[in-house]
Amino acid sequence: MRNKMKMIGALGALLLSAMSAQAQDLKAAPGVTNPDADLKKFWGGGDPKGSVYSKDYVPHVITVMEANRLTGYVRGGNTDGTLQNAELVTLNPTHLAVGQLDILRQLNGQVMPGQGDKKYAFTILHQNIGPECLYIVTKEKSYTTFGHVRGNGFDLTVLTGGQKSGSFGTWKILQSVFNDLAEIPVEHIGSADKIVDAVAERTAAVGFFVMRPDPASETFTKIKSKGLNLVPVVDDALGSTYTYLQLKVATGGFFAGKPVFHTTACTSVALITGDPKTVAEGNRRVLQRVNATIARMKEVPATDLRPGLVSWKDMWDDMKEVGAEKVADLLESSKRALQEAKK
């Protein structure tokens with residue numbers, strides 16, 4: 001009993017206030033009628049009013065899970081996004097979460113900040129249940145290529161999401177690839193809407209966020225109403241990790257009844273759960289749950305996990321992969337802009 005109490009105390013010390021989920025070996029408190037309640041959490045993003053992860057993905061995937069005899073799962077609460085979701089699933093292997101594939105691929109096996117030598121450990125169940133695209137927004141009309149942003153980094157501040165958000169995680173990936181982005185100051189603003197508002201009020205700042213390419217998004221509408229523009233995130237060094245997609249957006253208005261399209265790098269949304277190897281020895285019930293979740297959810301087609309909403313259909317209909325010729329033109333324009341800026 002003494003050893004068990006020590007273990008509970010050690011696990012409790014590991015959890016930050018932002019990740020107040022119970023760890024895998026905690027038992028139900030006296031009077032709790034469902035001892036499995038803390039084993040069945042699904043993590044998305046922030047408030048469902050502004051987070052597609054929380055509003056669309058989580059309830060839809062829970063419905064699919066119920067159809068596969070994985071019942072009783074509930075949204076765990078608000079999180080900053082992909083980085084925090086990966087932490088929560090690592091600490092609680094029966095939990096599930098959605099997040100950006102570009103980040104999750106790099107995180108697995110890396111040491112978690114603030115958790116001693118504990119490493120991220122999770123199982124990717126599906127790699128493509130929807131698109132997430134990279135957006136740079138600015139009120140500087142002369143910034144029309146990624147090269148303009150890189151070449152003027154000495155004069156810029158980047159406004160992005162929270163420290164455990166997918167947006168900041170992807171920005172760190174870009175910083176690791178491009179030296180000229182590494183020293184740009186970063187301010188953590190929050191949601192995409194808050195980033196857009198901040199960019200509109202600031203000089204020498206660009207906003208960076210990762211978001212589903214929904215043509216009806218209020219974020220795109222706000223970008224248009226504030227007179228801001230989107231910069232294509234396109235570069236040779238990104239081709240192995242990201243796909244270039246052409247998206248219909250709500251910026252720039254309409255010309256002759258035709259919508260405006262934007263091209264940028266995109267990753268995908270992945271579904272994750274815990275790693276069976278991290279389950280404490282002897283905890284057979286938890287191990288069975290993790291293994292059953294992995295086996296059953298991997299049998300579900302990825303397309304079944306995509307929310308079937310009208311706005312999602314519009315997104316899929318208006319989105320297409322960009323051809324090599326157009327990508328080459330964007331790359332050349334970006335290179336010229338970078339060379340000019342560094343003269």
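The values are calculated or read from the model by the stated rules, or taken from the named source; none is laboratory data. For clarity, every value in this text was computed on a predicted model and none was experimentally measured. Positions of Cβ are backbone-derived with ideal geometry, glycine not excepted, and every protein chain shown enters the neighbour counts.
For the stretch 312-336, residues that are of a type in the set (Ser, Thr, Tyr) and either more than 22 Å from residue 260 (Cβ to Cβ) or in the same structural domain as residue 59 (by TED's automatic domain parsing) (or both) total 0. Considering the stretch 38-125, the qualifying helices (runs of 4 or more DSSP H), each wholly inside and each with 2 or more residues that are in contact with a strand residue (DSSP E or B) (Cβ under 7 Å, 6 or more places away or on another chain) and more than 17 Å from residue 168 (Cβ to Cβ), run over 58-67, 82-91. Of all the residues in the stretch 239-251, those that are surrounded by fewer than 15 Cβ atoms within 10 Å (Cβ to Cβ) and modelled with pLDDT under 60 number 0. A search for C-beta distances below 6 Å between a residue of the stretch 287-301 that is free of Cβ contacts under 8 Å to residues at least 60 places away in the same chain and any residue that is crowded, with 20+ Cβ neighbours inside 10 Å, counting only pairs 6+ apart in sequence or on different chains, returns 287/279. Annotation note: of 203, 278, 243, the sole residue that is closer than 30 Å to residue 336 by Cα, of a type in the set (Ser, Thr, Tyr) and out of contact with any Cys (no Cβ under 7 Å at 6 or more places or on another chain) is 203.
When the residues of the stretch 41-61 are filtered to those that are among the hydrophobic types (A, V, I, L, M, F, W, C) and touching a Lys or Arg at 6+ places or on another chain (Cβ under 8 Å), the one that is farthest from residue 289 (Cα to Cα) is 52. Assessment of the stretch 304-311 against the conditions (part of a helix (DSSP H, G or I), hydrophobic (A, V, I, L, M, F, W, C) and touching a helix residue (DSSP H, G or I) at 6+ places or on another chain (Cβ under 8 Å)) yields at least one matching residue. Go through the stretch 263-286 residue by residue and tally those that are free of Cβ contacts under 8 Å to residues at least 60 places away in the same chain and either in a strand (DSSP E or B) or buried (at least 20 other Cβ atoms within 10 Å of the Cβ) (or both). Result for the stretch 263-286: 0. Would you confirm whether or not the stretch 256-271 contains a residue that is touching a strand residue (DSSP E or B) at 6+ places or on another chain (Cβ under 9 Å), at pLDDT below 95 and under 26 Å from residue 58 (Cα atoms)? Scanning the stretch 256-271, I find no residue that is touching a strand residue (DSSP E or B) at 6+ places or on another chain (Cβ under 9 Å), at pLDDT below 95 and under 26 Å from residue 58 (Cα atoms), so the answer is no.
Here residue 315 fits the description: modelled with pLDDT under 95, surrounded by 19 or more Cβ atoms within 10 Å (Cβ to Cβ) and either within 22 Å of the chain's Cα centre (by Cα) or over 22 Å from residue 39 (Cα atoms) (or both).
Number of residues in the stretch 186-195 that are among the aliphatic types (A, V, I, L, M) and over 9 Å from residue 159 (Cβ atoms) equals 1.
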